[in-house]
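Down below is the structure, laid out as structure tokens.
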Amino acid sequence: QVQLVESGGGSVQVGGSLRLSCAASGGTFSRFAMGWFRQAPGKEREFLAAISWSGSTYYASSVKGRFTISRDSARKTVYLQMNSLKPEDTAIYYCAAKSDTGTYYAREGRYDFWGQGTQVTVSS
């Protein structure tokens, strides 16, 4: 069983930055693809970014160029650096893990393990 714990959320002003972290325990971290998703009030959860076991990255068009995903296998941690934040980025942010099959990185249903989420609030 894999446990995921997010941290780094908080309140920030428009244009600011935050770095989210997701620490994994259990399982073999190096075999997992890791993803970040978010859910805003009244909306469905949406894909943001994913990183394969080998470091290939994938982004939603809404965050490409502003968000960067990375992983540190030694620390079993995945990060989401968020820059140029906008009010519409306000949401609960979740990290997720799945066995890396080389496909379906943006598919929420393909992820097996989820963190509890961390709140990000962007105010103007």
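Take V2 and tell me if it is at pLDDT below 95, more than 25 Å from S124 (Cα to Cα), in contact with a Ser or Thr (Cβ under 8 Å, 6 or more places away or on another chain) and not polar (S, T, N, Q).
In short, yes.
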Flagged pairs (Cβ under 9 angstrom, 6 or more apart or on separate chains; first in segment 24-49, at positive phi; second surrounded by 23 or more Cβ atoms within 10 Å (Cβ to Cβ)) are G27/A97
Single condition D100 does not satisfy, out of (1) buried (at least 18 other Cβ atoms within 10 Å of the Cβ); (2) within 13 Å of F37 (Cα to Cα); (3) touching a residue at least 40 places away in the same chain (Cβ under 8 Å): (2)
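Every residue in segment 43-55 that is open to solvent by 50 Å² or more (accessible area, probe 1.4 Å) and either under 18 Å from G102 (Cβ atoms) or out of contact with any strand residue (DSSP E or B) (no Cβ under 7 Å at 6 or more places or on another chain) (or both), please. Before you say what the answer is, go through the steps one by one.
Applying the first criterion (open to solvent by 50 Å² or more (accessible area, probe 1.4 Å)) to segment 43-55 yields 43-46, 53-54.
Listed by number, the residues that qualify are K43, E44, W53, S54.
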Candidates S30, S52, S70, S62 - the one that is in contact with a Phe, Trp or Tyr (Cβ under 8 Å, 6 or more places away or on another chain) and at pLDDT below 95: S30
Residues located in segment 26-78, provided they are farther than 19 Å from V122 by Cβ and among the basic types (K, R): R31, R71, R75, K76
If you go through segment 106-118 one residue at a time, do you hit one that is in a strand (DSSP E or B), touching a Ser or Thr at 6+ places or on another chain (Cβ under 8 Å) and either open to solvent by 40 Å² or more (accessible area, probe 1.4 Å) or touching a residue at least 12 places away in the same chain (Cβ under 8 Å) (or both)? yes
Total residues in segment 55-83, condition among the small types (G, A, S), over 19 Å from G109 (Cβ atoms) and touching a residue at least 24 places away in the same chain (Cβ under 8 Å): 1
Some residue of segment 13-33 being open to solvent by 50 Å² or more (accessible area, probe 1.4 Å) and touching a Pro at 6+ places or on another chain (Cβ under 8 Å): yes
Among (1) farther than 22 Å from G109 by Cα; (2) more than 14 Å from the chain's Cα centre (by Cα) - the single one G8 does not satisfy: (2)
Looking at A40, is it among the hydrophobic types (A, V, I, L, M, F, W, C) and open to solvent by less than 50 Å² (accessible area, probe 1.4 Å)? yes
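The values are calculated or read from the model by the stated rules, or taken from the named source; none is laboratory data. Here the structure is a predicted model, which means the values were calculated and not measured. Quick reminder, even Gly has a Cβ in these numbers, built from the backbone with ideal geometry, and neighbours come from all protein chains shown. Surface areas here come from the heavy atoms of the whole protein model, side chains and all, with no ligands, DNA or RNA. Shrake-Rupley method; radii C 1.70, N 1.55, O 1.52, S 1.80 Å.
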